There are 2 protein chains.
Amino acid sequence: MEFIEKLLSTSRRNRSLLCIGLDPDPELMPVTDIAQFNRAIIEATSDMVCAYKPNLAFYEALGTSGLAVLEETVKYIPDGVPVIADAKRGDIGSTAKAYARALFSIFGFDAATVSPYLGYDSIEPFVSYEDKGVFILCRTSNRGARDFQDLHTDGLPLYEVVARKAGEWNVRGNIGLVVGATYPEELRKVRSICPEMCLLIPGIGTQGGDLTSAVSYGVDARGERAVFNVSRQILYASKGQDYAGAARDMADRIRQQINSHLTR
Amino acid sequence: MEFIEKLLSTSRRNRSLLCIGLDPDPELMPVTDIAQFNRAIIEATSDMVCAYKPNLAFYEALGTSGLAVLEETVKYIPDGVPVIADAKRGDIGSTAKAYARALFSIFGFDAATVSPYLGYDSIEPFVSYEDKGVFILCRTSNRGARDFQDLHTDGLPLYEVVARKAGEWNVRGNIGLVVGATYPEELRKVRSICPEMCLLIPGIGTQGGDLTSAVSYGVDARGERAVFNVSRQILYASKGQDYAGAARDMADRIRQQINSHLTR
């Protein structure tokens, strides 16, 4: 099934635009077995989400066993629920091909995040997997996003140029954009440039982005095609042994908060 | 020892500005054991190079065992020779911290490549390892480099803005830049902006960058602080069992070609 169909179907079934970022931080976890921690989180929340999004950094930081933990984690996620690899890869064509193979063929992710800095030939090897989703970094949620993404190029900030280019490149309909909730005006702008594109929106939760504006500016005309990612606020809702239940409660709360801001 | 000292010391000892990119491609290799292939290449060439540079994509494409192969490969490299992780990572601060830990603390790389798109807070966690080198992507060697890196922002192309920012951020003296040999004029420009910075220069070899201009524009005033990377042309110089010897011959040839263009 195509990524976007899988996403919409899960989102409708679970009435959720919430994505949980599976970013294990051993220092914040109440247990030592990371795969089991992820499994408990997934089992407690898989009817509350539209997707999961492991960020590869946290698995690479576990050393050589990290990718095995990641592989195991992906297996715990029920078949119907899409998994987005937050990898932010970006390299020259032949290398990008190896990254795309790793993420899509070897690990079996349904989608991946990529960086635009190297241009189209760094993204094309990902996009050529027609049934996979490719989220291009556009306006990120961090403070440093301003350093280059806001620079004006021929009258437009760079992130807008990226959004427009992504629209041009989206001939297979499988390209989306990453836009942080921490910058509501930029999110509104990107949504106006790409009214039908899927947006991956981190930054609500611990990063402090405003949920109300993120939802009203982020979703498409049908109140869909927006994926709101929350990681730490859910994973570490409790630091005790009740972490999975606490994660479920928090996920449900955020899911409902998001839904309460949908006009339809 | 600091990365830059280690690099200069190896470069002077081996009279070499050549870096070999350890990018295993099972389809091009005459043997099936990738760690052994890398070991044979390293043993045949470690007195010919100033550094090695494995690109992580090719290890991730090997699946869960890939990082173990990478770890083994790093161990085969003699202590004195610096190893650059070509990872092109770029993520928000807390995540960048995990990537930096993975590359520097867990895998023990001496340097890493990073993407500038997310700005300073995505790079700072790497730079804060004072004895490690951090190469920021500036003007890459691929065709798509033009898509965004050449866009003019307040009169300057983006890659020049990145070069200038990198200069500002280089308070610890451990930042370098990645500039492709395939764009000699841009390389000359970057060297003029950052006369004392270390440049990592891919694109000679299979990618077709002109060696003469790459060397004369890339090195600093002393004919140093430039790292010319070649991967496929050396690794796959022979597709037979004599691959290690053929790699050594090719490495020696390129090393001497580079040296012949140094004015001193």
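Please work out if A:Glu27 is touching a helix residue (DSSP H, G or I) at 6+ places or on another chain (Cβ under 8 Å) and acidic (Asp, Glu). No: the conditions fail for A:Glu27. Filtered by the rule that a residue be crowded, with 20+ Cβ neighbours inside 10 Å and of a type in the set (Ser, Thr, Tyr), segment A:15-65 gives A:Ser16, A:Thr45, A:Tyr52, A:Tyr59. Among the residues of segment A:222-233, are any touching a helix residue (DSSP H, G or I) at 6+ places or on another chain (Cβ under 6 Å), at pLDDT 95 or above and in a loop (DSSP other than H, G, I, E, B)? For segment A:222-233, residues touching a helix residue (DSSP H, G or I) at 6+ places or on another chain (Cβ under 6 Å), at pLDDT 95 or above and in a loop (DSSP other than H, G, I, E, B): absent.
Here is a yes/no grid of residues against (1) of a type in the set (Gly, Ala, Ser); (2) over 14 Å from the mean Cα position of the chain (by Cα):
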| site | (1), (2) |
| --- | --- |
| A:Phe3 | no, no |
| A:Arg13 | no, yes |
| A:Leu18 | no, no |
| A:Ile34 | no, yes |
| A:Asn38 | no, yes |
| A:Ala44 | yes, yes |
| A:Asn55 | no, no |
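Looking only at residues of segment B:69-100 that are assigned to a helix (DSSP H, G or I) and free of Cβ contacts under 8 Å to residues at least 12 places away in the same chain, we find that the one that is farthest from the other protein chains (Cβ to nearest Cβ) is B:Lys75. Taking the condition more than 23 Å from B:Leu62 (Cβ to Cβ) and out of contact with any Phe, Trp or Tyr (no Cβ under 9 Å at 6 or more places or on another chain), does A:Ala40 pass? Against the criterion (more than 23 Å from B:Leu62 (Cβ to Cβ) and out of contact with any Phe, Trp or Tyr (no Cβ under 9 Å at 6 or more places or on another chain)), A:Ala40 does not qualify.
Applying the criterion of at least 2 residues that are closer than 17 Å to A:Asp220 by Cβ and more than 10 Å from every other protein chain (Cβ to nearest Cβ) to the helices (runs of 4 or more DSSP H) found wholly in segment A:103-198 leaves A:158-169, A:184-193. Determine if segment B:200-221 includes at least one residue that is on the phi > 0 side of the Ramachandran plot, surrounded by fewer than 21 Cβ atoms within 10 Å (Cβ to Cβ) and at pLDDT 95 or above. No, segment B:200-221 contains no residue that is on the phi > 0 side of the Ramachandran plot, surrounded by fewer than 21 Cβ atoms within 10 Å (Cβ to Cβ) and at pLDDT 95 or above.
Taken over segment B:167-181, the criterion of being crowded, with 23+ Cβ neighbours inside 10 Å and over 23 Å from B:Ser105 (Cα atoms) is satisfied by B:Val179, B:Gly180, B:Ala181. Sub-6 Å Cβ pairs linking a first residue in segment B:108-128 that is over 20 Å from B:Val227 (Cα atoms) and in contact (Cβ under 8 Å) with a residue 40 or more places away in the chain to a second residue that is surrounded by fewer than 24 Cβ atoms within 10 Å (Cβ to Cβ) and not polar (S, T, N, Q), at least 6 apart or interchain, are B:Tyr120/A:Gly144; B:Tyr120/A:Asp147, ordered by first then second residue. Might you let me know whether segment B:162-173 holds any residue that is modelled with pLDDT of 95 or more and acidic (Asp, Glu)? So far as segment B:162-173 goes, yes, one or more of its residues are modelled with pLDDT of 95 or more and acidic (Asp, Glu).
The values are calculated or read from the model by the stated rules, or taken from the named source; none is laboratory data. Model, not experiment: these values are computed from the prediction. So basically every Cβ, Gly included, is an ideal-geometry build from the backbone, and we count neighbours across all protein chains shown.
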